[in-house]
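The values are calculated or read from the model by the stated rules, or taken from the named source; none is laboratory data. What you see is a predicted model; the values in this text were computed from it and never measured. Neighbour counts run over all protein chains shown; Cβ positions are idealised from the backbone, glycine included. Quick note on the areas: whole protein, heavy atoms, side chains included, nothing else; ligands and nucleic acids left out. Shrake-Rupley method; radii C 1.70, N 1.55, O 1.52, S 1.80 Å.
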Amino acid sequence: EPTAQPSSAPEVDAQPAAAEGDIVVTAQRRTQRLQDVPISAVAASGIQLARANLLNLEGVSVRTPAVRIATAPVSDFITIRGVGSSLNLGFEQSVATFVDGVYRGRSRSTRAALFDIERVEILKGPQTTFFGNNAIAGAFNITTRKPGDKFEANALASYVPDTQEYVAEAGMSVPVTGNLSVRLAGRLSGMDGWIKNDNLGTDEPRIRERIGRVSLKWEPSDIIETNARLDLGRARNRGVLSSQLLYCPPAFGVAAGVCARYLGASGGSVGDQLDGHSAANPSYFNYNYLEAAQTTSIQIGEHSLVLTTGYFDHDYDLLNDVNPVPAGKGGSPLGTTQTIPARFIEDFRQFSQEIRIQSPTDQPIEYMVGAYFAHSRLRVDGFQGLYQGRLGLQAPAFYDANSRIAFHVSNREIAETKSVFGSATVHLTDAARLNLGLRYSEVTKRAHRYAERGVAGSIPGFDNFIPGSPAADAALAPVLGVDSGDFD
């Protein structure tokens, strides 16, 4: 498991300095040594991750036991100790991600979490007391680099010729005045892939990503400190889901349907081995995100009042084709560029506010109390094209053999979370402590979902999907097996 070096991040509240060599974490929202935290946790410093060229949480999970992150067409798959939220567009993640205390509940957001960081902590097991939102399976607790009171700069670059993978990252902290410092950081990364797509004549995946951040630290007095940041990210990736065909022709029986057409269009032989070659139809993943966060700590006597405000906004557009047979070589008899395209378009935005009061740490009883509020809006639209056959013949009164049958499922949700929480540590003896925690949460969600059937273009979407009349929709419903499911 990766381990961390001593943290140089500014402390949120007054704490004893860690000894040289101690691993410092904030798993309980205080700066503590890892060995003093009564949970199973793994920590890694930003320096270690940079040296290992780990650019995202998926890479970290590969090196961490009992932690798994895997990309998937519908939703990314995130588990700790085998517990996760399954592949469902509507679910928040049982394994939550927190960046400087700001909650990110959508699975895709983990792709933008590991940039210019001080450290990442992987907390295993339920995290219900110390963070703004319940996380029943675990949490990634990420702390970004803060501006220092001296000029400093860092940079890294790497290049892999075989896949033309590159990373260039740089950051710079600049003191503006005696009590104001600013940090600028950015990253460019990409690759041209290791899979040869013989259908498109390209190498996949082709990745082009960039992230930027502006951070500031302001200390207007001896008792007030504010850290704020603004993040912007953009990804334009192609060939992200290059599947390969297996068993065409089948080991037993006679080839039929798409496989038979593919064999006929290819002279009787097609590549169906796992050999780094694919004939998949086009796929892509376009992602944009914006995050703003600020934490203000105010010393009130020996206590600390901590205010954390966060705003997160992301949208993505993903296209996958679940049939790895080229549309022009038997995959589709309808003249489309796709066979069974699945397209998902998500727009999510969230505002959150947390207030905490913390006691000093050198007392027989240490405690923390607080409140949390979050409001979010989610819209997910899924388009599915069914171009592998002439499904229009199943509803001849409304469609013909060349109709490009597709369906659209729309999901909308407005959610609010309100909670109060508290924790206490009682030092019974020098060698024994009693840790107590309690949280009460009230979550309200209002959702609306409906499905409609009709026709669409090669890549179905808002610009080309045409829903059928009520009678045509009813005729296709039993054929496609998609429940209209209209509800509020």
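Just a few scattered comments:
- Residue in the range 301-337 that is nearest to residue 362 (Cα to Cα), counting only those that are among the aliphatic types (A, V, I, L, M) and either surrounded by 19 or more Cβ atoms within 10 Å (Cβ to Cβ) or free of Cβ contacts under 8 Å to residues at least 40 places away in the same chain (or both): 306
- Some residue of the range 343-362 being farther than 26 Å from residue 98 by Cα and either of a type in the set (Phe, Trp, Tyr) or modelled with pLDDT of 95 or more (or both): yes
- A search for C-beta distances below 7 Å between a residue of the range 40-58 that is closer than 22 Å to residue 210 by Cβ and any residue that is assigned to a strand (DSSP E or B) and open to solvent by 20 Å² or more (accessible area, probe 1.4 Å), counting only pairs 6+ apart in sequence or on different chains, returns 46/118; 50/156; 53/158.
- Out of 242, 189, 181, 215, one residue alone is on the phi < 0 side of the Ramachandran plot and in a loop (DSSP other than H, G, I, E, B). It is 242.
- Inclusion of residue 383 among residues that are touching a Phe, Trp or Tyr at 6+ places or on another chain (Cβ under 7 Å), part of a strand (DSSP E or B) and either touching a residue at least 40 places away in the same chain (Cβ under 8 Å) or among the small types (Gly, Ala, Ser) (or both) is warranted.
- Checking residue 399 against (1) within 30 Å of residue 74 (Cβ to Cβ); (2) under 26 Å from the mean Cα position of the chain (by Cα); (3) open to solvent by 20 Å² or more (accessible area, probe 1.4 Å), the condition it does not meet: (2)
- Residues located in the range 343-376, provided they are open to solvent by 20 Å² or more (accessible area, probe 1.4 Å) and either of a type in the set (Phe, Trp, Tyr) or within 20 Å of residue 134 (Cβ to Cβ) (or both): 344, 351, 353, 355, 367, 369, 371, 373, 375
- Members of the range 120-147 that are touching a helix residue (DSSP H, G or I) at 6+ places or on another chain (Cβ under 9 Å) and open to solvent by less than 10 Å² (accessible area, probe 1.4 Å): 120, 121, 122, 140, 142, 144
- Candidates 51, 33, 29 - the one that is open to solvent by 50 Å² or more (accessible area, probe 1.4 Å), over 22 Å from the mean Cα position of the chain (by Cα) and at pLDDT below 75: 33
- The residue of the range 119-158 that is nearest to the chain's Cα centre (by Cα), among those that are under 23 Å from residue 306 (Cα atoms), outside any loop (DSSP other than H, G, I, E, B) and of a type in the set (S, T, N, Q), is 141.
- Residues of the range 403-425 include none that is aliphatic (A, V, I, L, M) and outside any strand (DSSP E or B).
- If the condition is being within 30 Å of residue 430 (Cα to Cα), touching a Ser or Thr at 6+ places or on another chain (Cβ under 7 Å) and of a type in the set (A, V, I, L, M), then the range 366-384 contributes only 368.
- Scanning the range 234-256 for residues being more than 23 Å from residue 200 (Cβ to Cβ) and open to solvent by less than 50 Å² (accessible area, probe 1.4 Å) gives a total of 2.
- Residue count for the range 201-212, restricted to those that are in a loop (DSSP other than H, G, I, E, B) and of a type in the set (Ser, Thr, Tyr): 0
- Filtering 171, 190, 201 for residues that are within 27 Å of the chain's Cα centre (by Cα) and closer than 30 Å to residue 283 by Cβ leaves a single hit, 190.
- Identity of the residue in the range 257-294, among the polar types (S, T, N, Q) and buried (at least 20 other Cβ atoms within 10 Å of the Cβ), that ends up nearest to the chain's Cα centre (by Cα): 283
- The set of residues in the range 173-213 being within 22 Å of residue 241 (Cα to Cα) and basic (Lys, Arg) consists of 196, 206, 208, 210.
- Check on residue 340, open to solvent by 20 Å² or more (accessible area, probe 1.4 Å) and closer than 30 Å to residue 425 by Cβ: no
- Among the residues listed as 162, 192, 231, the single one being of a type in the set (D, E, K, R) and either without any contact (Cβ under 8 Å) to a residue 24 or more places away in the chain or open to solvent by 50 Å² or more (accessible area, probe 1.4 Å) (or both): 162
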